[in-house]
Each structure stands twice: as C-alpha cells, then as structure tokens.
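What follows is one structure encoded as structure tokens, with my remarks underneath.
The values are calculated or read from the model by the stated rules, or taken from the named source; none is laboratory data. All figures in this text were calculated on a predicted structure; none of them were measured in a lab. Cβ placement follows ideal geometry from the backbone for every residue including glycine, while neighbour counts extend to all protein chains displayed. What goes into the accessible areas is simple: the full protein's heavy atoms, side chains included, and nothing from ligands, DNA or RNA. Shrake-Rupley method; radii C 1.70, N 1.55, O 1.52, S 1.80 Å.
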Amino acid sequence: MAGNIQAIVMPKLGLSMTEGMVAEWQVKAGDRVAAGDVIADIETSKITNELEVHAAGVIRGDLAEEGIDLPVGSLLCVLADEAATEQEVAAFIAAFTPLDSDSMEVTGDEADGDIQRPRPGQGEAEAEDESKQAGAGTAAAPAVARGGEDDAQAPATRLARKLAGRFGINLAEITPTGARGRVTKADVEKAMAARSLAAAQSTATSSSGEAYDEIALTPMRQAIAKRLTESKQSAPHFRLTVEANVERMLSLRSDLAHSMEEGKVSINDVLVKAAAAALINVPAVNIQFDGKTIRRYAAAHVAVAVALEEGLLTPIIRNADQKSIMEISLEMKELTRRARSGALQPDEFEGGTFTLSNLGMFGIKAFDAIINPPQAAILAVGAAEKRRVPAEGGVLTATMMTATLSCDHRVIDGATGARFMQTFKELVEHPYQLLI
C-alpha cells in the first residue's frame, strides 16, 4: 500500500507576494518532524516567517536551495510517512505541478492580505497558517559585534550562527529580527555590511578619483521600486489640491492632548480621522482596483506612510471611521513602533483602502504622491504654516495646510475626487464634527 506523501510548497504570506525564498532550512532530508515543527525560515521582500508542517512525517527528497527566489506554490520539499518508498516519492516529485498563486485560498478577509493555503482537493500542499514575526528588511540596522559577551547562548538560526562564526560576528551584540527573538542570516549579513562600510568609509573612488559609497538595494527597496513603477505606468494619475485653514484643528489637538494621559495627539491622528470620515461620505474613493474589478468598502481602512531607513511601510488603521481620534492616536503609535522594530505582520500593512502621506514635519509645503495599488487614491499633506490669505474686508494671517489628492483616473473621476477634497477640507476646518 502506498504511503502518504505531501508537498510542502512556497506559502503565500500576503496578497502582493508572488515569490519568496528559503532563508534557512531548520531540517535536512531524512529528519522526522511532528505537526507544528518549524522546518524553514521563509523570506519575502518585507518580512521573514517560519514555515511549519501540519502533520508528522519524514522530510524526503531534495530540499529547495536556500537564497533562491521561488514562485508562490512551487515545491520546497516532500513530507512522507515511512510506508512511502523512494520510488513513490520520486514519482510524486516528478508528477508535481506548482500551484497557481490564484488557487491559494485566503483564510480570512481576502482584502486584508491574510495568509493563503490551497483549496481543499489540491491538497497535498502545506502553507503556513500564521504570520509569526516580521524580520529582515524592516528593522533598524543591528549593532556590529566586535567581541565581548559570549554568544553561545544567543538565540539564532543555524545558518546565522554558522555565518557569524565564519566572519567573527558576535551574535550577542546583534539586534534579532527573527521569529521568537532569534538572530537570522539577514541580521548577520546586515552586521557584516555595517562593519564593511565602517572599515571602508570613503575609500571607494570613481574613475575620476571622486569618493563614493556603493549601496545595494534591499529587498524592501526593490519591492517599493517595482510596485511604484508599475503604479506610475499603469494608473493615469490626476491631482487635486486644496488649502485648508487648520486653526480649529490645532485647537482641537491641544484640547485632546490635555485629556490624554498616554502621549500627545498628533496632527496626523486628526487627519486620519478626517480622511476616514470623508471616505465614508464619498465611498467612490474608498476602493481598491485590480485592473478589472472595483471593490468598494463599507469601512475606511486608512494606511499611513511611515519612513524607515530601509524604505517605506504603510501600517493600516482599520475601521478608522469607527474609532475616536484618541484610539487612532494610540493605535498609530503602536503600529509605528512595530514598523520600526520589524514586528509588523502582513495583515497590518496590506489591505488598506486609502493612504495618507504627511511630510509636514519636514517642513514640506506641498507635494504629490504615487498611488499605492490596489488602492485608487492617496492624500499628500504638507506643513501647517502661517500664511496671508484673502478675507472679507482685506487680508488676514492664518495657519494653512496644503493637501493634494492623487487619483487613478480609470476608476475615480475629477468630480468624485473634488467631492472628497471638499468634504475633507470641511472636516479639517471644522474638526469638532469628528467628535460626534
């Protein structure tokens, strides 16, 4: 009787994921594993996740090579029971057809970027059921180790320990970003890069003798470049700009700050609430578009751009229209902290219906932003500053803010975008409505 054989495939860890790589195997061919055992670290352009098996068995066949990008649904290894013969395993591998990404079903709300696994009947594949810990590419650069504390007990993956030993990197002095607080191969590579940069600072020269540094694109930066290039090329952008008087908004922020014990309310917190309310008022902007179908949402899931050293992440305030400004403020602080420590999960930065990007804290007066697909609009906000503005009977000085909405003209018309901006400006200039 033939033994049970299952394919372990590259899981889909978010809606935008098309490929990933095995950063490190935790098992080798011939190892026996139990249900729930971690067998590999899977790395995408944004996060690193552990891959678990959901049944007991023996790892059979060749393991996919580490460090090679593989499409979602492609074979990583085979899990079989002892009754399966080598011939049966070989025949299974030869007959295996990679799963199509579209055939991998979302376990929760599809738009929220939940992890996917094969539909029943395609069954042999095992996909990870939970995104456990964000990792390489989203954390601050680790400290470079130069000896000191013994790192024998430092939690680290097998490959990270091997690489660190080879290059004299002390694991105890590296900031871990892997699951369960482990140092990963990527963490060690960051430490190596930092050490190399420090040693060779300003030593590189061009053919003309001018000094320069060469910096390779991180996986996150590569993903950003690809995504925004596609957006700029495929989505016909048009832009609408308003100037809003934010005197009342600043007053409201001050009032809320005095009543909030856990940190100050920011201007951005109020803007998130205003944008969410405007989206509910003009639902034709609160959409996602995949090139064929428009998804119009009942709730406003507002993504907020957060700048990191490695690139840009957009953590999402879900159901922002249903939350108070104080709730938004507390949640945004936590999401920002998690983004900067590399702890965001895929469903915390995928699935937004709209994005807010604020560069006002840098003194930028006005700018326009590129739409983050599959969203169809993004709001760019500049600094609040004193300006002379026309008023009845003359000119007065007021605190003004410039906001620019970029829209995808395939699904949002000018009048629709204008209604949104009209509503947004009204809410910003009369923000106490947001407390009702």
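Using modelled amide H (1.01 Å from N, peptide plane; none on Pro or chain starts), what sits under 5 Å from the amide H of GLN375, excluding residues fewer than 5 places away?
So GLN375 has HN proximity to PHE289.
Give me the percent of the accessible area of the range 211-288 that comes from carbon and sulfur atoms, probe 1.4 Å, all protein chains in place.
51
How long are the semi-axes of the equivalent ellipsoid of the range 388-427, taking √(5λ) for every eigenvalue λ of the Cα gyration tensor, in whole Å from largest down? Could the numbers behind the result be given before it?
Numbers: eigenvalues 164, 21, 15 Å².
For the range 388-427, the semi-axes come out at 29, 10, 9 Å.
So what does the Cα-only Debye profile of the range 246-289 read at q = 0.16, 0.22 Å⁻¹, as log10 I(q)/I(0), no solvent term?
Evaluating at q = 0.16, 0.22 Å⁻¹ gives log10 I(q)/I(0) of -0.52, -0.75.
Quick one: the Cα spread of the range 350-392 along its three principal axes, in angstroms, biggest first?
Between the extreme Cα coordinates on each principal axis of the range 350-392 lie 43, 26, 13 Å.
On alpha carbon coordinates alone, what is the Rg over Rh value for the range 4-85, Rh being the Kirkwood radius?
Working: Rg = 12.3 Å, Rh = 12.8 Å.
The Rg/Rh ratio comes out at 0.96.
So for PHE289, PHE362, PHE420, PHE167, what's the accessible-area order with a 1.4 Å probe, most first? Walk me through the numbers before you get to the answer.
Working: PHE289 30, PHE362 145, PHE420 0, PHE167 90 Å².
So, going from the largest accessible area down, we get PHE362, PHE167, PHE289, PHE420.
Work through the residues other than GLU86 whose Cβ is under 14 Å from its Cβ and net out their charges, Lys, Arg +1 and Asp, Glu -1.
Overall, the nearby charge balance is -3.
Using amide H atoms built in the peptide plane, which far-off residues or other-chain residues are under 5 Å from LEU313 H to H?
The answer is VAL306, LEU308.
Picking from THR241, LEU217, ALA257, whose Cα lies most toward the positive end of the charge dipole for the range 210-263 (charges on Cβ: Lys, Arg +1; Asp, Glu -1)?
THR241
Restricting to DSSP loop positions (anything but H, G, I, E, B) with no more than 15 other Cβ atoms inside 10 Å of their own Cβ, which GluC sites (Glu not before Pro) remain in the range 228-261?
Working: sites: GLU230, GLU243, GLU247, GLU261; in loops: GLU261.
Here the GluC sites (Glu not before Pro) that fit, given the DSSP loop and packing criteria, are GLU261.
List, in the order given, every pair from LYS12/LYS292; LYS333/LYS365; LYS226/LYS264; LYS12/LYS264; LYS273/LYS386 whose Cα-Cα distance in the structure shown is over 27 Å.
LYS226/LYS264; LYS12/LYS264
Where the centroid of each part is defined by its Cα atoms, how far is the range 220-270 from the range 16-61 in Å?
38
Leaving ligands and nucleic acids out of the surface, order GLU310, GLU210, GLU426 by accessible area at 1.4 Å, largest first.
My answer, sorted largest first, is GLU210, GLU426, GLU310.
Ranked highest first by average number of other Cβ atoms within 10 Å, how do 349-358, 169-178 line up? Mind showing how you got there, number by number?
Values: 349-358: 24.5, 169-178: 22.1.
Descending packing order for the listed peptides: 349-358, 169-178.
Using packing as a proxy for protection, rank 301-307, 82-88 so that the peptide with the highest average count of other Cβ atoms within 10 Å comes first.
301-307, 82-88
Not counting ligands, DNA or RNA, and with a 1.4 Å probe, what is ARG161's accessible surface area in Å² rounded to the nearest 10?
Surface accessible to solvent at ARG161 totals approximately 90 Å².
Peptides 336-342, 278-284, 211-217: what's the order by average Cβ count within 10 Å, highest mean first?
The densest-packed peptide leads the list: 278-284, 336-342, 211-217.
If you average the sequence gap of Cα pairs under 8 Å that are 6 or more apart and divide by the length of the range 354-412, what percent do you get for the contact order?
36
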